[in-house]
Amino acid sequence: MNSEIILLVIFAMVTAVPIIGTVAYTIVTVQDASAVGTCPITPSCIYVVDTNNTRIQKFDSDGNFITKWGTKGTGDGEFLHPHDVVLDSSGDVYVTDAFNYNVQKFDSDGNFITKWGTKGTGDGQLQNQHGIAVDSADNMYISDTNNSRIQKFDSNGNFITKWGTKGTNKGEFMTPQGTAVDSAGNVYVADEKNNRIQKFDSNGYFITKWGTKGIRDGQFNLPEDVAVDSSGKVYVTDTDNSRIQKFDSNGYFITKWGTKGIRDGEFLHPHGVVLDSSGNLYVTDKDNHRIQKFDSDGNFITKWGSNGTGDTQFLHIYGIGISS
């Protein structure tokens, strides 16, 4: 009871005298963020799919560990190959579990809510699904990878529509991976083995595409994820070229950064990418077992993670999600 009173007093002092804000941050981070799983000071929480450790780890936007959940298995809250993660407007967390052929839904602290999906080719069935994105109405767009299609669901897992088939023509896919949705509801898909990005409206009608295989600007070597910022700029993890490429919403090249390596700003198989409300990028540097954070122009900000099974350690991280 006394600690609650102290906290309220400190927050009142922060409002009146900003210089005391550092003290309030320290107290809240230790007592609230670590114990309860919230992000009271930093604007966003980061959720990382720690794939080979079969779990989700949650951090604040500076990389401070908050909580984790998941273990290997087929039951509720268990994973066999978690691949991507996204959050809806209520802060609920959705994880694609590729080898359990389902999507699992949790609250922001990792408490299981529901799941959907079974192995197959029918509507609502999945095969080795990878990417997942959410629109402003909390509809989910899932790259049903081995079925070469995108499936759209509501937030309770009810099937809405689907599009795509295996191939190289527009609207066809060869290993669809990451997905993203812009503010207008358009859907972007990293069409990995076609080495391109495809753009659709929310019902699956083809709009445009860009990319060919190569190392030049605007070319890709197995792109695995895509993210869109509030102004419509598109960021792609050009995985086997060990770089991030930035485009406008029509696919015109803007800039790039990254090269193969282990130093700051270098990558060994970058996979997932997500943006915060300030336009900063968080990239899962899969084989370096770390997260790297950049501004929207590619300037390195910070990093966290190492190889292992402990808190803030990773084994081949794939997807990454963020709370707004």
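The values are calculated or read from the model by the stated rules, or taken from the named source; none is laboratory data. Small disclaimer: the values here were computed from a predicted structure and weren't measured. Glycine also receives a Cβ, built like all others from the backbone with ideal geometry; neighbour counts cover every protein chain displayed. For accessibility, only protein heavy atoms count, side chains too; no ligands or nucleic acids. Shrake-Rupley method; radii C 1.70, N 1.55, O 1.52, S 1.80 Å.
Scanning segment 209-240 for residues that are part of a strand (DSSP E or B) and acidic (Asp, Glu), we see that the one that is most open to solvent (accessible area, probe 1.4 Å) is Glu224. Among the conditions (1) surrounded by 14 or more Cβ atoms within 10 Å (Cβ to Cβ); (2) under 16 Å from Gly251 (Cα atoms); (3) of a type outside the set (Val, Ile, Thr), the only one that Asp201 does not satisfy is (1). All of Asp191, Asp144, Asp138 fail the test of being in contact with a Leu (Cβ under 7 Å, 6 or more places away or on another chain) and open to solvent by less than 30 Å² (accessible area, probe 1.4 Å), apart from Asp144. Could you tell me how many of the residues in segment 184-231 are within 21 Å of Phe153 (Cα to Cα) and of a type in the set (Phe, Trp, Tyr)? Counting residues in segment 184-231 that are within 21 Å of Phe153 (Cα to Cα) and of a type in the set (Phe, Trp, Tyr) gives 4. Of all residues in segment 207-228, those satisfying the criterion of being among the aliphatic types (A, V, I, L, M) and over 9 Å from Ile197 (Cα atoms) are Ile207, Ile215, Leu222, Ala227, Val228.
To keep it simple, each residue is scored yes or no on (1) assigned to a loop (DSSP other than H, G, I, E, B); (2) under 26 Å from Gly279 (Cβ atoms); (3) not aliphatic (A, V, I, L, M).
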residue	(1), (2), (3)
Asn156	yes, no, yes
Ala180	no, yes, no
Gly185	yes, yes, yes
Gln198	no, yes, yes
Gly204	yes, no, yes
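Looking at segment 65-85, can you tell me whether even one residue there is at pLDDT 95 or above, farther than 21 Å from Asn52 by Cα and either of a type outside the set (A, V, I, L, M, F, W, C) or under 17 Å from the mean Cα position of the chain (by Cα) (or both)? No; the residues of segment 65-85 include none that is at pLDDT 95 or above, farther than 21 Å from Asn52 by Cα and either of a type outside the set (A, V, I, L, M, F, W, C) or under 17 Å from the mean Cα position of the chain (by Cα) (or both).
Can you find a residue that is touching an Asp or Glu at 6+ places or on another chain (Cβ under 9 Å), open to solvent by 30 Å² or more (accessible area, probe 1.4 Å) and in contact (Cβ under 8 Å) with a residue 24 or more places away in the chain anywhere in segment 101-112? Reasoning before the result, please.
Looking only at segment 101-112, we keep the residues that are touching an Asp or Glu at 6+ places or on another chain (Cβ under 9 Å), and these are 103-108, 112.
After this cut, where a residue has to be open to solvent by 30 Å² or more (accessible area, probe 1.4 Å) as well, the list is 107-108, 112.
Of the ones still in play, those that are also in contact (Cβ under 8 Å) with a residue 24 or more places away in the chain are 108, 112.
Scanning segment 101-112, I find at least one residue that is touching an Asp or Glu at 6+ places or on another chain (Cβ under 9 Å), open to solvent by 30 Å² or more (accessible area, probe 1.4 Å) and in contact (Cβ under 8 Å) with a residue 24 or more places away in the chain, so the answer is yes.
With the requirement that a residue be open to solvent by less than 70 Å² (accessible area, probe 1.4 Å) and of a type in the set (D, E, K, R), what does segment 252-293 give you? Within segment 252-293, Glu266, Asp276, Asp285, Lys286, Asp287, Arg290, Lys293 meet the criteria.
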